[in-house]
Amino acid sequence: MVRIVECVPNFSEGRDRSKIDQIVKAIESAGVDILDVELNPDHNRAVVSFVGESEHVLEAAFRGTKIAAELIDLTKHQGEHPRIGATDVIPFVPISNISMEECVELARRLGKRIAEELRIPIYLYEAAATKPERENLANIRKGEFEGLSKEIETNHERLPDFGESKIHPTAGATVIGARFPLIAYNINLGTTDVSIAKNVAKAIRFKDGGFKYVKALGFELKEHNLAQVSINMTNYLGTPLYRVFEAVRNEALRYGVSIKESEIVGLVPEKALIDTAIYYLQLHRFKEEQILEYRLRNRGGRQEGVLEFLIALANTTPTPGGGSVAALQGALGAALLSMVTGLTLKKTEDPELKGFHGFLKMVMNEFYEMIEKDKNAFDAVMKAFKLPKDTEEEKEKRRVAIQESYEIAAQVPLGVCRKIVDLYPYAKILALKGLKNAISDVGVASYVLHSGFLSGRMNVLINLLSITDEKYKEDSRAEIEGLKEKEEKLYQGIEKIFLTNL
């Protein structure tokens, strides 16, 4: 299925909306969905949140960084928030069907590309960090743009992970990584004394003995005549919002200061807010299933998976493609036959049908797994073509990888075709014994399976064209053509049965 990633780049511009609009337009042009855009003039910083399929997100992050480098000049930038780059930080956050390790790989690929094409030095942080001390973003940003400009060329500890040991003259450097969903949480105090905010921040941040998953700084918000405790919560499950809020309240009271308000910058996981409501309302026996919207959302949960697949299929990427559609057709046919079996067994105790129900559901799941297998197989083909080919050894390694990946890419749809042919005997029995009111569903299942077989066969044949092993090609072609002859006879026999009964 489609791999969904969230990306939350921070840009060092929070006052000129037109510049951020241009950056957002560039990001959106890569086919991602913009979720949120937050500008903070005091921090002189913008936070853009967007989601999409992993490759689209990667491209969107690059395009945003490129435009930011053209529009933002750090030599003229001033703001309360620490920064080392025009695009200061780019985190990838795994959302659906993608692991943290895969997001780390995205971070590395993006870092290499930005360094090579935009000449901006790149540092990796959080889960992508190459050194323990670089897991913490604050360590990388130490000294900010001005300090890094001097040290990057002379201090070995500040060598970038990608790119030259030379700061970009106006765009600075960029930090890229992969992380757990972060909550940017600010608490404004009822005072203009920034020293109080700094003392409170020190008391709650982990590096000074505070909460493990909290980073915090104290700022002055001149525009609002307030002091602010600006907080990054890196794991809201390990350290919840309400606990930090109460700690800030208690620390501020030591100085005779109260909290005026708090704010969340950008997006927040709903569980963080639910946990906070449970804490303050003392809902000790409350279950999230009691939330009305959850019940309504779950009613449509089955449709969301299909929609997700269709969106991925409609995108301008090679995968998922025809092979995955063939596997989906197999799954749909098996599911329909399973449904007819279940309806029939409600009316009759036919012993021959009793074992059908569980078996057909199992086959349906096997087809479903083949959707992803086909996608992964062709992704491997494309990956093999990208292998280096500078030396003879590299060329041979690349050739072997391409051939192996094409063989796998042919085997997956061949497996779909085998499995469809194996289903026809069950379809025939259901056409004869199934509930008469559901005979049309047997017909639809047969048509879908037939289409799935033809689609799978086409994908086998197209992949065989790229394989150089003649014996492998001959054996595979002979098998698929033999299956085609068998499938055609079985399909026509079943069609005759259910058409006669209509």
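Where nothing but the Cβ of Lys and Arg (+1) and of Asp and Glu (-1) is charged, how large is the charge dipole of the range 348-461 around its Cα centre, in debye to the nearest 20?
Result for the range 348-461 is approximately 260 debye, rounded to the nearest 20.
Residue-wise, which Karplus ³J(HN,Hα) couplings in Hz belong to the range 152-157, taking 6.51 cos²θ - 1.76 cosθ + 1.60, θ = phi - 60°, and x for glycine or proline?
4, 8, 10, 9, 4, 5
If a/c stays under 1.5 just call it rounded; otherwise compare a/b with b/c (prolate if a/b is bigger, oblate if not). Do that for the range 325-408, with a ≥ b ≥ c from the square roots of the Cα gyration tensor eigenvalues. Show your work: numbers first, answer last.
On the way: a/c = 7.47, a/b = 4.63, b/c = 1.61.
Note, shape of the range 325-408 comes out prolate.
Cut-off is 10 Å between beta-carbons; in what order do R243, R205 appear when sorted fewest neighbours first?
Lowest to highest Cβ neighbour count: R243, R205.
Across the range 183-286, how many lysine pairs, 8 or more positions apart or on different chains, have C-alpha atoms separated by under 24 Å? Please give the number.
14
When T87, T191 are ordered from fewest to most other Cβ atoms inside 10 Å of their Cβ, what list results?
Fewest-to-most ranking of T87, T191: T191, T87.
Please turn the phi angles of the range 11-20 into ³J(HN,Hα) values with the Karplus equation 6.51 cos²θ - 1.76 cosθ + 1.60 (θ = phi - 60°), one per residue in order, whole Hz, x for glycine and proline.
The phi angles translate into 10, 7, 7, x, 10, 9, 4, 4, 5, 5 Hz.
Between N315 and L461, 0.36 nm times their residue separation minus their Cα-Cα distance comes to what?
50.1 nm
Relative contact order for the chain: what is it in percent, counting Cα pairs under 8 Å that are at least 6 residues apart?
Averaging sequence separation for qualifying contacts and normalising by length gives 10 percent for the chain.
Taking the alpha-carbon distance from K484 and a cut-off under 17 Å, which aspartates and glutamates remain once sequence neighbours fewer than 8 residues away in the same chain are dropped?
Once the sequence-local aspartates and glutamates are set aside, what remains near K484 is D422, E474, D475, E495.
Show that you can apply the helix-only estimate: for the chain, add -39,500 (n - 2.57) for every DSSP H stretch of four or more residues, divide by all residues, and state [θ] at 222 nm to the nearest 500.
Result for the chain, helices only: -18500 deg cm²/dmol.
Give me, ordered by chain and number, the residues 5 or more places off I176 or on other chains with an amide H under 5 Å from its own placed amide H.
Sorted by chain and number, the residues that satisfy this are I90, Y123, L124, Y125.
Going by how many other beta carbons lie within 10 Å of each one, how would you line up D73, D88, D475, fewest first?
Lowest to highest Cβ neighbour count: D475, D73, D88.
To the nearest Å, what is the center-to-center distance of the range 69-108 and the range 149-216, using C-alpha atoms only?
Their Cα centres are 12 Å away from one another.
Multiply the residue gap between I274 and S29 by 0.36 nm, knock off their C-alpha separation, and tell me the result in nm, one decimal place. Walk me through the numbers before you get to the answer.
Values: separation 245, 0.36 × 245 = 88.20 nm, distance 3.44 nm.
Length gained between I274 and S29: 84.8 nm.
Bear in mind that the values in this text are calculations on the coordinates, not laboratory data. What you are looking at is a predicted structure, and each value in this text was computed from that prediction instead of being measured. Note that each Cβ is placed from the backbone with ideal geometry, even for glycine, and that neighbours are counted across all protein chains shown.
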